[in-house]
1. If you take the residues in the range 382-401 that are assigned to a strand (DSSP E or B) and within 17 Å of V220 (Cα to Cα), which one is most open to solvent (accessible area, probe 1.4 Å)?
2. Quick check on T147: is it outside any helix (DSSP H, G or I), more than 12 Å from the chain's Cα centre (by Cα) and of a type in the set (V, I, T)?
3. Among (1) of a type in the set (A, V, I, L, M, F, W, C); (2) modelled with pLDDT of 95 or more; (3) crowded, with 17+ Cβ neighbours inside 10 Å, where does F236 come up short?
4. If you take the residues in the range 294-311 that are open to solvent by less than 30 Å² (accessible area, probe 1.4 Å) and small (G, A, S), which one is nearest to the chain's Cα centre (by Cα)?
5. Condition first: at pLDDT 95 or above, under 24 Å from F209 (Cα atoms) and open to solvent by 10 Å² or more (accessible area, probe 1.4 Å). Now tell me which residues in the range 259-272 satisfy that.
6. Mind telling me which of the residues R135, R176 ends up being part of a helix (DSSP H, G or I), under 30 Å from T287 (Cβ atoms) and out of contact with any strand residue (DSSP E or B) (no Cβ under 8 Å at 6 or more places or on another chain)?
7. Quick check, is G129 small (G, A, S), in a loop (DSSP other than H, G, I, E, B) and either touching a Phe, Trp or Tyr at 6+ places or on another chain (Cβ under 6 Å) or buried (at least 22 other Cβ atoms within 10 Å of the Cβ) (or both)?
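The values are calculated or read from the model by the stated rules, or taken from the named source; none is laboratory data. A quick note: this is a predicted structure, and the numbers were derived from the prediction, not measured. Glycine gets a Cβ as well: all are built from the backbone with ideal geometry, and neighbour counts include every protein chain shown. Each accessible area value is taken on the protein alone, full model and side chains, heavy atoms only, with ligands, DNA and RNA left out. Shrake-Rupley method; radii C 1.70, N 1.55, O 1.52, S 1.80 Å.
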Amino acid sequence: MKQIAIMGYGVVGSGVAEVFAKNHESIVKKAGEELEIKYILERRDCTGDPNEAKIVRDFEQIVNDPAVSVVVEVMGGLHPAYDFVKACLEQGKSVVTSNKELVAQAGAELLELARAKNVNFFFEASVGGGIPIIRPLHSCLAANEITEIAGILNGTTNFILTKMAHEGAGFDETLRLAQQLGYAERDPTADIEGLDACRKICILASLAFGRHVYPDQVAVQGITGISREDVSLAAFAGYAVKLIGRVKKLESGRVMIAVSPALIEHESQLASINDVFNGILVRGDATGDVVFYGKGAGKLPTASAVVADVIDAVKAAGTVGSLYWTDQGREGYVEDPAKDETAFFLRLGGVSQEKALALFPGSRVLSASPEETALLTPVLEKGRVEELLQGIPTLSNICVLDY
């Protein structure tokens with residue numbers, strides 16, 4: 001029998017226990033041996049809970065129990081999660097986590113430690129919730145040279161942008177609705193400012209290209225500056241507005257990585273992904289474009305991915321070698337975002353059509369009035385666009401991507 005501990009008993013942790021109990025027979029069959037949840041680390045009072053007898057408040061009970069072979073970390077945040085996970089790996093216990101912040105910040109270190117101890121550090125649920133993406137990247141698509149990944153990685157922002165597009169609502173009222181429906185937290189900063197998507201694209205970039213990318217290396221722009229006018233003009237021009245996390249391997253060996261709102265043509269597979277759903281496009285040299293789609297969060301979808309990792313951890317004879325990347329230092333790997341080349345959607349305040357076209361020759365004008373001019377530029381370097389816009393009242397500056 002393999003014994004398991006769960007650290008954290010909130011939405012995801014309780015979901016893990018629920019899925020484990022509900023599907024216990026099939027889980028055990030797939031794992032090839034009996035499994036038991038022995039401990040649940042939780043500091044809240046859980047009187048009356050079905051798992052009350054398993055609740056412990058001292059982490060030392062878990063890390064010092066040699067019978068526990070797999071630990072599930074669903075606490076969130078960096079501390080004490082990082083310290084607890086590191087200690088478990090050092091004791092030769094495999095760890096499964098849904099903690100995107102932990103993996104994005106310390107993935108290389110924890111994978112190296114797991115390899116040294118011949119155990120595993122699994123994190124399928126850290127990106128895309130119940131959508132399988134981590135395992136396909138290092139296993140199913142292993143024969144490919146991945147050239148690019150782009151995706152709608154945050155359900156909250158996708159819900160907001162979908163409502164703005166379909167109902168003509170403003171950002172603030174749509175955010176309030178998302179909070180009322182439980183899609184957005186009381187403090188929605190991580191979602192609407194792009195931080196959540198940033199952590200996820202860092203994990204995908206690190207895995208796809210083999211070298212750790214840290215969140216503070218990524219150019220990040222959220223959706224708080226998106227107006228109903230932007231969404232309406234984009235739709236008129238044949239585009240949807242989406243928050244996109246993207247990374248591309250350049251010929252130089254560097255990566256171009258960013259999180260920002262983007263205009264995506266309606267014909268694109270990503271443009272049709274709406275509401276709280278996520279979609280991740282992986283571009284490989286042999287497969288071409290492959291898109292992974294589904295609910296990117298939620299109690300049971302995320303718990304499903306966690307439990308699947310537990311099964312794999314139990315079945316593994318040692319460290320899974322393909323799930324790995326290194327930390328080779330920060331310098332010279334992430335390309336200067338000013339060199340990013342895309343077309344741009346611009347709304348310029350108090351700028352005539354003639355002046356706008358003089359600044360950006362070859363642009364497509366979407367609307368023009370004495371108050372503002374909106375246009376789509378040809379492909380330009382981001383830094384060059386910012387130079388040309390100096391001193392110009394800029395209402396919107398959004399990249400246009402081709403996926």
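1. N397
2. Considered against the rule, which asks whether it is outside any helix (DSSP H, G or I), more than 12 Å from the chain's Cα centre (by Cα) and of a type in the set (V, I, T), T147 comes out as yes.
3. Answer for F236: the failing condition is (3).
4. Among residues in the range 294-311 that are open to solvent by less than 30 Å² (accessible area, probe 1.4 Å) and small (G, A, S), the one nearest to the chain's Cα centre (by Cα) is G296.
5. Within the range 259-272, S260 is the sole residue that qualifies.
6. R135
7. yes
Matching residues to (1) in a strand (DSSP E or B); (2) under 15 Å from R347 (Cβ atoms):
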site	(1), (2)
L207	no, no
V231	no, yes
E251	no, no
S260	yes, no
